[in-house]
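The values are calculated or read from the model by the stated rules, or taken from the named source; none is laboratory data. Source: prediction; values computed, not measured. Backbone-built Cβ (ideal geometry, glycine too); neighbour counts: all protein chains shown.
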Amino acid sequence: MPSDAPGGVRDPALDESQGINAAWPEASLRVFAEATDLRMRHRVLLDLPTSRAAYPL
């Protein structure tokens, strides 16, 4: 697979990036809630996922 290094060993950094991607919506919501600058809130809002499935309970 392209995600595997030569010899079939998966690069551990690929798995770490999945954790970062999963944490992004929560961190973005926190920034949105705490920001007082309207431009900052607008910018964060544009990058938030619109799917409800992106925010597991």
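Worth a mention:
- Residue list for region 6-53, filter: part of a loop (DSSP other than H, G, I, E, B) and surrounded by 10 or more Cβ atoms within 10 Å (Cβ to Cβ): ASP11, ALA35, LEU48, PRO49
- For region 5-57, residues that are at pLDDT 80 or above, acidic (Asp, Glu) and within 13 Å of the chain's Cα centre (by Cα) total 2.
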